[in-house]
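Asks: Structure in structure tokens, see below.
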Amino acid sequence: MTALGLDLVEAAKVAKSETYGEWYRDPWGWPELSAEFVSSLEVGQLGEVRSGPTPLRLSPAFHPFAFPKSFFGVRPAVVFDAPSRLLYTASSLRLSRDLHRELPPWVFGWRFRDGALASNEWAEYATSQEDIGRSAFAAQTDLNSFFATVDNTRLAERLVELASRSASTEIVRQVLEAHDQLAGRSGLPQRSLASSLLAHIAVEGIDDLLDTRLRDGALQSVRRWMDDISFEGTESALYSTLLELQERGRQVGLEINASKTIVSTGQEVSDRLGRERQRLIRVPRLEQTIRDDYADLFDTFIDGSDLAEAESRVLADPKNATRTEAGLVLRSLRHYGAFNRVSAWLNAARYLPHAADHLSRFAVQASQESILEPDTALWFEGLQADGWPHLPWVRAQHSLAVSSESATNNVTRTWKEWLENSDSLQQVATATQRLTRAPSADIRSAITGRIDRTTDPLVVRALALGLVDAGGDRRIVRSALERHPSNRLTLLFLDGSGWTLPSVSDDFDPSVHGE
């Protein structure tokens, strides 16, 4: 559906594609964002239609949470409400399709290239680095806390300057303004293709400077992957360009990361970049498309012959394994059915909070396919009892290793505690789904009691969908969802589907395996 210049069906396909790797895992897979359902909508059903300069007024809702990006590092994150996510994505696609025509060819990542969305250009980016080793000198740098430090007010104003005031620029402004009002959150919402598309506009001044130096011959070649920048030239030209970059970045509120800035010989920088790639993936990789309807969505696996070495490296020092490295190894072990060291992985869970989602999937598959059959319920009980200060997101991911049908009394008590008291969307959504697999009067009563005293619209959504699954009173569900405009899309979906929710995938709850 296209309205106000927005292709909502295209946006729905992009938004749904993001759900296969996002930090929040929705039990029902965000059915409101299916392209088939969205194609039946009118744009006025997603927001308040007005006359004047703001044709569509949104009420964006975000659920903030903390996500572990490493053993020590914590990243602020948010979950979007469905209408805002759909409209923000549609608007970013609409604006970027035109504005990215001005992006230099040496910019890689999530962008439009020759009018087509290129959502992953890692291979092309790696190829562009081949010239570095042949250069006498090379520089490497990046932007400090890039997404979080983007000045959203400046970005919104620049979008209007470049594309004029429109529904798209107003929707982006409203979403970014609402995000900035969250305590402890700033800049572009992360883990969003829409934000990645817009981020290129935020570094427009930096790109202009580098392109000018490339054209006047001061630099031999340049490349940028989002906020990672490298370029080659004489040593003096590199030094002066880095000084200029610091000043240009500060003009738009961005800061070059001095601790990650180097000028060295081309071969040394080439070797450094190679080591950085190999630190994540030191062995050959295989790629396999996992959804035919979205060609850019693929899984990457370590070649089976080298997997044991990569597994040993992570298990030997799990604290210092990156999320990317640990996730790649665990995904590869699942791909090849290599579960002989599952106990070692479960024992390392304390030191792999940043890979908790990958670890839970690995544990589930091991319990289904391995002769070792780890008791994931007892494992989760132990993690809960040892008092280790894991983030709520981490505990919720660990619990996903326990199917609804294999839960012990202690696990069930934990889920009921989450349902009744947790502020974590992932904990509430997981507990609600698990407990409503065998609906009972006390579970329906617990959800009904919690839903009336909850103000977070996204937590209300999870409770409402759980109550639908449990066969609860539809009038209560409708009343709860009508309390905040951000849940109107969920209610529209329920009405349109006859109040039938899609099946929970066996990736989320192993109990549905084989149903």
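Asks: Compute the signed sum of charges (Lys and Arg +1, Asp and Glu -1) over the other residues within less than 11 Å, Cβ to Cβ, of R323.
Replies: 0
Asks: Can you return the aspartates and glutamates within cross-link range of K260? Criterion is Cα-Cα under 20 Å, with same-chain partners fewer than 8 residues away left out.
Replies: Within the straight-line limit of under 20 Å, K260 reaches these aspartates and glutamates: D142, D207, D227, D228, E232, E235, E244, E247, E268, D271, E276.
Asks: Follow-up question, since we're still on this one. Compute the long axis of helix 356-369 from its Cα atoms, compare it with the longest principal axis of the Cα atoms of the chain, and write down the angle in degrees, 0 to 90, nearest 10.
Replies: It is inclined by approximately 60 degrees.
Asks: Using alpha carbons only, how many degrees (0 to 90, rounded to 10) separate the axis of helix 266-280 from the longest principal axis of the chain?
Replies: The two axes meet at around 10 degrees.
Asks: List the residues, sorted by chain then number, that are 5 or more residues from V49 or on another chain and whose placed amide H is less than 5 Å from its amide H.
Replies: R57
Asks: Which loop chymotrypsin sites (Phe, Trp or Tyr not before Pro) in region 408-515, with loop taken from DSSP, have no more than 14 other Cβ atoms within 10 angstrom of their Cβ?
Replies: Numbers: sites: W415, W418, F493, W499, F508; in loops: W499, F508.
In loop regions of region 408-515 (DSSP not H, G, I, E or B), the sparsely surrounded chymotrypsin sites (Phe, Trp or Tyr not before Pro) are W499.
Asks: Here is a follow-up. Which trypsin sites (Lys or Arg not before Pro) does region 48-143 hold that lie in a coil by DSSP with at most 12 other beta carbons within 10 Å?
Replies: Counting only loop positions with at most 12 other Cβ atoms within 10 Å, the trypsin sites (Lys or Arg not before Pro) in region 48-143 are R50.
Asks: Counting only protein heavy atoms, what percent of the accessible surface of the chain is carbon or sulfur at a 1.4 Å probe?
Replies: Summing carbon and sulfur atoms, their accessible area is 46 percent of the total for the chain.
Asks: Can you tell me which lysines have their Cα less than 30 Å from the Cα of K16? Leave out same-chain residues fewer than eight positions away.
Replies: K69, K416
Asks: Another one. What does the charge count near R97 come to, summing +1 for each Lys or Arg and -1 for each Asp or Glu among other residues with Cβ under 14 Å from its Cβ? Don't skip to the end; give the middle numbers.
Replies: Numbers: positive: R94, R101, R111, R113; negative: D7, E10, D98, E102, D114.
Result for the local shell: -1.
Asks: Next question, about the same structure. First select every other residue whose beta carbon is under 15 angstrom from the beta carbon of S186; then total the charges, Lys and Arg +1, Asp and Glu -1. Kindly include the intermediate steps, with their values, before the conclusion.
Replies: Details: positive: R75, R154, R185; negative: D151, E177, D180, E255.
That sum, taken over residues with Cβ under 15 Å, equals -1.
Asks: Between I262 and E42, what length comes free when the chain is fully extended (0.36 nm per residue of separation minus the Cα-Cα distance, one decimal in nm)?
Replies: 74.0 nm
Asks: Then there's this: Under a 1.4 Å probe, what is the accessible area of the chain per residue, stated in Å²?
Replies: Per-residue accessible area for the chain comes out at 42 Å².
The values are calculated or read from the model by the stated rules, or taken from the named source; none is laboratory data. All of these numbers come straight from a predicted model, not from anything done at the bench. Note that we place each Cβ from the backbone using ideal geometry, even for glycine, and neighbour counts take in every protein chain shown. Protein only, heavy atoms only, side chains kept; ligands, DNA and RNA dropped before computing areas. Shrake-Rupley method; radii C 1.70, N 1.55, O 1.52, S 1.80 Å.
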